[in-house]
Amino acid sequence: MNKVRITGTGSYAPKKVLSNQDLEKMVETSDEWISMRTGIRERHIAVNETTIDMAVKAGKAALKSSSVKAKDIDIVVVGTVTPEMVFPSTACHVQSGLGIKSGGAAFDVSAACSGFLYALDVAEKYLKGGAAAKALVVGVDQFSRIVDWKDRSTCVLFGDGAGAVVLESIEGSGRGRKARGILSSRIHSDGRKWEMLYVPGSINPSPFEHKRTELPYLRMNGNETFKVAVRTMESSIKEVLAESGLTADDITLLIPHQANRRIIKATMARMGLDNDKVYLNMDRYGNTSAASIPIALDEAARVGRIKEGDIIVFVAFGGGLTWASAIVRW
Ligand code: UT7
């Protein structure tokens with residue numbers, strides 16, 4: 001039976017590092033407040049490079065770590081809410097930037113911090129349904145362009161970056177509990193809660209309408225988002241575990257969206273998971289939105305935290321509201 005497997009990972013973070021101490025000079029904050037409340041110590045900031053540049057670099061690294069050639073990719077799906085252009089999509093730029101064959105398909109998915117898992121889910125369904133055999137899935141965001149750098153309640157939280165995976169539909173990946181690949185993937189949203197976390201549009205006003213007054217900066221109800229995050233992370237993990245006939249004890253490694261260490265710790269406690277079963281890197285990246293899970297996955301793979309047969313769970317939540325999870329036997 002065909003299974004969709006992750007056969008390559010890659011990531012990219014811009015060179016410029018902005019530490020909590022640097023932020024102390026920009027807004028009324030402290031390293032102590034930021035690290036105690038979030039677990040973040042520094043983040044990467046894109047300077048004179050775009051979402052497209054970062055996505056191409058992460059995609060290139062993912063292809064290099066797999067045995068797939070760019071020309072053999074059928075479909076490119078990019079999760080992002082900070083595209084460089086309104087159109088063409090970031091995915092179309094990745095397609096041309098990496099020399100991926102023309103005539104396949106390339107498109108973006110908008111699901112904020114759940115963007116990578118949404119993109120993974122869509123690509124997995126294409127591959128499972130037989131419409132494509134190989135996919136490149138990217139999560140990329142450049143929140144340094146949408147946060148208000150005078151608002152201490154949000155600007156300290158985010159960073160820029162990109163992560164990518166190569167997906168392949170592989171025959172003979174085993175059946176049932178022994179199957180390798182994506183065992184289950186689920187995506188959800190609740191559009192009624194959009195005001196909890198959003199960025200107003202930045203498209204030019206038309207001469208036919210009233211002037212818009214809201215500046216295109218990220219707005220967030222942090223406390224509410226925190227509570228919803230803990231609830232949805234737990235329910236999402238349980239959902240894919242149940243779907244694949246596994247329990248929390250079977251999890252080798254949880255790779256969650258890296259928004260806040262306290263959210264993740266609370267989720268681990270609710271799930272009864274030991275702290276050594278989670279991969280954390282928000283101390284060095286902050287919240288990179290759609291890039292956070294694929295960057296963490298790439299790091300975990302490169303430092304040997306993932307071995308063949310391991311059960312890996314990804315889980316995310318974000319603006320929309322959106323939430324998503326996936327479970328993989330590596
Ligand atoms: O990917 C999804 C994106 N969003 C999230 O995941 C965010 C989820 N929420 C959170 O992570 C947390 O709610 C925050 C980290 C945003 C805030 O932490 P908190 O423990 O919920 O703090 P708070 O908002 O209740 O603020 C506590 C205090 C306030 O002061 P007062 O009213 O108690 O005097 C804030 O004004 O901390 C103050 N504060 C700060 N102080 C120093 C807020 N931001 C800062 C700051 N530095 N950067």
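Rounded, prolate or oblate: which fits the stretch 77-145 when a ≥ b ≥ c are the square roots of the eigenvalues of the alpha-carbon gyration tensor, with rounded for a/c under 1.5 and prolate only if a/b beats b/c? All intermediate terms of the calculation are to be shown ahead of the outcome.
Values: a/c = 2.51, a/b = 1.32, b/c = 1.90.
Oblate, because a/c is 1.5 or more while a/b does not exceed b/c.
Starting from the exponent 0.38 and prefactor 2.2 Å, build the expected Rg for the stretch 114-193 from its residue count and divide its actual Cα Rg by it.
Details: Rg = 17.2 Å, N = 80, 2.2 N^0.38 = 11.6 Å.
With N residues counted in the stretch 114-193, Rg over 2.2 N^0.38 Å equals 1.48.
For a protection proxy built on the mean count of beta-carbon atoms within 10 angstrom, sort 197-209, 213-225, 64-76 highest first, please.
Values: 197-209: 11.3, 213-225: 14.2, 64-76: 18.0.
For the peptides 197-209, 213-225, 64-76, the packing ranking is 64-76, 213-225, 197-209.
Among DSSP beta bridges whose residues both lie in the chain, state the antiparallel percentage, nearest 5. Working shown, then result.
Numbers: 40 of 56 bridges.
Of all bridge pairs located within the chain, approximately 70 percent are antiparallel.
Counting heavy atoms of the protein chains only and a 1.4 Å probe, report the per residue accessible area for the chain as a whole number of Å². Could you put the intermediate results ahead of the total?
Numbers: 14800 Å² over 330 residues.
Per-residue accessible area for the chain comes out at 45 Å².
Looking at this model, which pairs from K3/K238; K57/K193; K64/K178; K128/K178 are more than 23 angstrom apart at the alpha-carbon? List each step's numbers first, then the result.
Values: K3/K238 21 Å; K57/K193 34 Å; K64/K178 28 Å; K128/K178 18 Å.
Table pairs above 23 Å Cα-Cα are K57/K193; K64/K178.
Cα atoms only, the chain: Rg and Dmax in Å?
Rg and Dmax of the chain, Cα atoms, are 18.9, 61 Å.
Mean Kyte-Doolittle hydropathy of -1.0 or higher plus an axial Cα length of 24 Å or more: which whole DSSP H helices in the chain meet both?
Values: long enough: 222-243 (31 Å, -0.18).
Counting only whole DSSP H runs, the qualifying helices are 222-243.
Keeping the other protein chains in place, figure out the carbon and sulfur percent of the accessible area of the stretch 18-166, with a 1.4 Å probe. Don't jump to the answer; show the numbers that get you there.
On the way: 3250 of 6140 Å².
Roughly 53 percent, rounded to a whole number.
For the stretch 242-330, which semi-axes, largest first and in whole Å, follow from the square roots of 5 times the eigenvalues of its Cα gyration tensor?
Details: eigenvalues 71, 50, 34 Å².
Semi-axis lengths for the stretch 242-330 are 19, 16, 13 Å.
Using the alpha-carbon centroid of each, what span in Å lies between the stretch 163-238 and the stretch 19-48?
Value for the Cα centre distance between the two parts: 24 Å.
The values are calculated or read from the model by the stated rules, or taken from the named source; none is laboratory data. Because the structure is predicted, anything quoted here is derived from the model rather than measured. Glycine gets a Cβ as well: all are built from the backbone with ideal geometry, and neighbour counts include every protein chain shown. Heads up: the accessible areas ignore ligands, DNA and RNA and are worked out on the full protein's heavy atoms, side chains in. Shrake-Rupley method; radii C 1.70, N 1.55, O 1.52, S 1.80 Å.
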